[in-house]
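The values are calculated or read from the model by the stated rules, or taken from the named source; none is laboratory data. All of these numbers come straight from a predicted model, not from anything done at the bench. We place every Cβ from the backbone using ideal geometry, glycine too, and count neighbours over all the protein chains shown.
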Amino acid sequence: MLILAKSILALMIGFIISAIFGYFLIPLLRKLNVKQQLNIFLKEKHKKKAGVPTMGGLIFIIPTIVSAIVLLFMGKIYFSYNLLIVLFVFVAYAMIGFIDDYLIIKRRNNKGLSELQKLFGQLVIAIVFFFIFIRGGNNTALIINALGIHIEMEWIYGLFILFILVGSSNAVNLTDGLDGLAGGLSLIAFLSFGIISWGSTWAPGYQDIAVFCFILTGSLLGFLLYNTNPAKVIMGDTGSLCLGATLASIAIITNHILLLVVIAGVFVIETLTSILQIISGKYFGKRLFLMTPLHHHFEKLGWDERDIVKLFWTVGLILSTAAIGYGVWL
């Protein structure tokens, strides 16, 4: 009962603070002329989104950080190296995304940080992650119990961390193309990992990581008040990059990499369709989809944006339910 109470209270704290914060932040973003840059291939279909403020990820980032720090000082959650990793990844990737969004707005095009600059930043984050991870007494073995995999990786584990962080952050970033799509899927994912983290008793600080997940879930719910169709604000790279990387960090710490693939299944599918489209076009001279990521394919087929989002949310919820069933119950 105590676990349930903590989870609900953490969720409500995140929701209330982000809902209030968003109410004041969005007018400020409009005043500062922080506008969304439209995809040149979807300008006609997305013309109504022109002028919608971006950097909306701040609506769930700042309340989550503030709530976590306040709870730490109040002694409601406790410091651990693993919680430090999650907070560090969350903030560091948010900063990369913020700089990327800022440059896009300043240059008035879709050219922010270069891929090399982003990769360098993510490499630094992965190195710091690995250092804190080892300092916290975590082992460097790749463990997937469902497949009977237990591989000691030692320093190569640092490269594994980089790969998972980069892949997960970019997957969420690719999916952030329709009102409420990435935000809703991320809410489902963090809610799932919050539940799974409560059962990850082998990970030091597992309870505090679970509380963090529920705070972020509530903050994302508050963000969706302003991001569902028609969106009053766009998440931007500020939000999407940090969400994917934070999901990955929690999966690594709790040894649930396989469940990450399932819970983030829609993000994975979106990424795979983009990769397959590139390969097919380059080597076979044909397109497998009308446009990628996959949600744009459905748009080109004439689907209403809200119907696409609801379909993807439903798939994400089904996959997450299956992952929770396996990770917690079975």
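Remarks
Residue by residue, here is whether (1) without any contact (Cβ under 8 Å) to a residue 60 or more places away in the chain; (2) surrounded by 18 or more Cβ atoms within 10 Å (Cβ to Cβ); (3) more than 30 Å from Trp198 (Cα to Cα) holds:
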| position | (1), (2), (3) |
| --- | --- |
| Leu243 | no, yes, no |
| His256 | no, yes, no |
| Gly265 | yes, yes, no |
| Tyr283 | yes, no, yes |
| Thr292 | yes, yes, yes |
| Glu305 | no, yes, yes |
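- Being surrounded by 16 or more Cβ atoms within 10 Å (Cβ to Cβ) and at pLDDT below 95 is true of Gly177.
- Those helices (runs of 4 or more DSSP H) of the range 182-300 in which at least 3 residues are polar (S, T, N, Q), considering only elements entirely within it, cover 206-227, 236-253, 265-284.
- Among the residues listed as Val128, Val89, Val124, the single one being in contact with a Ser or Thr (Cβ under 8 Å, 6 or more places away or on another chain) and at pLDDT 95 or above: Val89
- Candidates are the residues of the range 134-158 that are over 22 Å from Tyr326 (Cα atoms) and in contact (Cβ under 8 Å) with a residue 60 or more places away in the chain; the one that is surrounded by the fewest Cβ atoms within 10 Å (Cβ to Cβ) is Gly137.
- Checking His295 against (1) more than 15 Å from Val268 (Cα to Cα); (2) in contact with a Leu (Cβ under 6 Å, 6 or more places away or on another chain), the condition it does not meet: (1)
- Annotation for the range 255-271: at least one member residue is among the polar types (S, T, N, Q) and modelled with pLDDT under 95.
- Residue pairs whose Cβ atoms lie under 8 Å apart, separated by 6 or more positions or on different chains, with the first residue in the range 204-219 and touching a residue at least 24 places away in the same chain (Cβ under 8 Å) and on the phi > 0 side of the Ramachandran plot and the second among the aromatic types (Phe, Trp, Tyr) and assigned to a helix (DSSP H, G or I), are Gly205/Tyr81.
- Failed condition for Ala68, given (1) crowded, with 22+ Cβ neighbours inside 10 Å; (2) under 26 Å from Gly137 (Cβ atoms); (3) modelled with pLDDT under 95: (3)
- Of all the listed residues (Ile62, Ile104, Ile125), the sole one being crowded, with 16+ Cβ neighbours inside 10 Å, touching a residue at least 40 places away in the same chain (Cβ under 8 Å), over 23 Å from Cys213 (Cβ atoms) and among the β-branched types (Val, Ile, Thr) is Ile104.
- Top-ranked residue of the range 97-121 - restricted to ones that are of a type in the set (Gly, Ala, Ser) and part of a loop (DSSP other than H, G, I, E, B), ranked as modelled with the lowest pLDDT: Gly112
- From Ser200, Ser168, residue being of a type in the set (Ser, Thr, Tyr), touching a residue at least 24 places away in the same chain (Cβ under 8 Å) and closer than 24 Å to Gly57 by Cβ: Ser168
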